[in-house]
Amino acid sequence: MISMQILGGFQEYGKNCFLIEHQETGTRIMLDCGVQNGQPEVYPPLTPEIAQSLDAVFLSHVHNDHVGALPLLADKGYEGPIWLSEASYVQIGPIQQRWKQKSAVPYQAGAGDTLHFTPFSPATKGQRIIMTDNLSFEWGHSGHMLGSVWYIIHLGGTSLFYSGDMVLDSVTFQTETPTQSSFQLAIIDSGHGGQVTSCQASEQALLKALENPDGSYRIPVSPSGKACDLILTVYQRFPDRRLFLDPALREHLSDCLSYAANLRPGMKEQLTNLLADGRIACITSDQASASGIYFTNRRLEGTKMIPIDSPAHPEFFYKAHPDLKDVEKLLGGIQAEQLVFFHSKPKDFTKLIAHIPKKLILNGGVYL
Ligand SMILES: [Zn+2]
Ligand SMILES: [Zn+2]
């Protein structure tokens, strides 16, 4: 039997961290180890007992709400492997630097340097990676950002599915569906599960807002699938405009080319063209240098910000998680004895479970 302790991420948007135990063998794993973004950040309740009893940690991707508490886990005594995709691993170095610059953290400075990352190569997709007789796993691309994956994890004779953060219809990134359908436990991203969104409508609203060819606009994004989708879309729709990218975003797009198996067919060529195009430049100061469209989270004088993540502007809302239709689609191929929906705020969660058919629950199991 599998038991689960939710350390964060249930009925909240952030702090994703799940502790799973196979009771017969005592094998214990952790799925993601994130913080709740904000000032201050909120950490999951990690203890030495938890940290020192784990056999492995699995990371779905490198966003802060999935990896930000790793230094705390190390500080509490975890020394084991941290599995992640190679494309996630190449993004970890700058994150470790940022951990060192944070103040008022609940762990000793430098704790994040002692972590043992164990990347798996693109060639292992669809294969079973065996750690011990009781612990093995498979993975597939989850479409949320560069390096993001879902896992099927086999614990003793049981198996669980963890979607990580998932996007089924990213412009840029590949999404695969799990190769197995029946699980003891399935933990499913339902970040936008309380609504049905139209990416096309948001895209149209965004392109309309950028219409003035002499204007300077800023789209606030950090490296993510959403950022890549928006940059590629704007680049293609406005062939005469200049695009300015935050240096971290430009590097992120180069990393995407190095791990092209993450990309949808045709996207490698489009990204190559974009990066070689003279109308794409890096942002080098806090001031807009010319008219064009700027992609950065930094404040930039002389630009009009397009509020893509503001509740006051739902017309620009661009999906980064499954909405209700996506969750339904994903569940079309999955049955589980315990079905857990994570990454949704209480309001969205309540709306979602009112729509989920009970027949997906096996053997009289439960969903949370
Ligand atoms: Zn994410
Ligand atoms: Zn997330």
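Just checking, which of S88, S53, S121 is in the same structural domain as V171 (by TED's automatic domain parsing), closer than 28 Å to S190 by Cβ and of a type in the set (S, T, Y)?
Exactly one of S88, S53, S121 is in the same structural domain as V171 (by TED's automatic domain parsing), closer than 28 Å to S190 by Cβ and of a type in the set (S, T, Y), namely S88.
Looking only at segment 169-190, count how many residues are under 12 Å from S142 (Cβ atoms), open to solvent by less than 10 Å² (accessible area, probe 1.4 Å) and part of a loop (DSSP other than H, G, I, E, B).
1
Regarding S60, is this residue in the same structural domain as I152 (by TED's automatic domain parsing), within 16 Å of ligand 2 (Cβ to nearest atom) and assigned to a loop (DSSP other than H, G, I, E, B)? First the steps, then the outcome.
Working: in the same structural domain as I152 (by TED's automatic domain parsing): yes; within 16 Å of ligand 2 (Cβ to nearest atom): yes; assigned to a loop (DSSP other than H, G, I, E, B): yes.
Yes.
If we scan segment 196-204, do we find a residue that is open to solvent by 20 Å² or more (accessible area, probe 1.4 Å) and either on the phi > 0 side of the Ramachandran plot or of a type in the set (G, A, S) (or both)?
The answer is yes; a qualifying residue exists.
Output the number of residues of segment 119-152 satisfying the condition of being in a strand (DSSP E or B) and open to solvent by 40 Å² or more (accessible area, probe 1.4 Å).
Total satisfying the criteria: 4.
Just name the residue that is nearest to H61 (Cα to Cα) out of those in segment 296-316 that are open to solvent by 10 Å² or more (accessible area, probe 1.4 Å) and among the hydrophobic types (A, V, I, L, M, F, W, C).
My answer is F316.
At least 2 residues that are open to solvent by 50 Å² or more (accessible area, probe 1.4 Å) and of a type in the set (D, E, K, R) in each: list the strands (runs of 3 or more DSSP E) lying fully within segment 205-295 that qualify.
none
State all residues of segment 11-43 that are outside any strand (DSSP E or B), away from ligand 1 (no atom under 16 Å from the Cβ) and in contact (Cβ under 8 Å) with a residue 24 or more places away in the chain; if no residue qualifies, say none.
Scanning segment 11-43 gives Q11, E24, T25, P40, Y43.
Against the definition (open to solvent by 70 Å² or more (accessible area, probe 1.4 Å) and within 16 Å of ligand 1 (Cβ to nearest atom)), how does K319 come out, yes or no? First the steps, then the outcome.
Working: open to solvent by 70 Å² or more (accessible area, probe 1.4 Å): no; within 16 Å of ligand 1 (Cβ to nearest atom): yes.
Against the criterion (open to solvent by 70 Å² or more (accessible area, probe 1.4 Å) and within 16 Å of ligand 1 (Cβ to nearest atom)), K319 does not qualify.
The values are calculated or read from the model by the stated rules, or taken from the named source; none is laboratory data. Please read all numbers here as calculations on a predicted model, not as lab measurements. Backbone-built Cβ (ideal geometry, glycine too); neighbour counts: all protein chains shown. Surface areas here come from the heavy atoms of the whole protein model, side chains and all, with no ligands, DNA or RNA. Shrake-Rupley method; radii C 1.70, N 1.55, O 1.52, S 1.80 Å.
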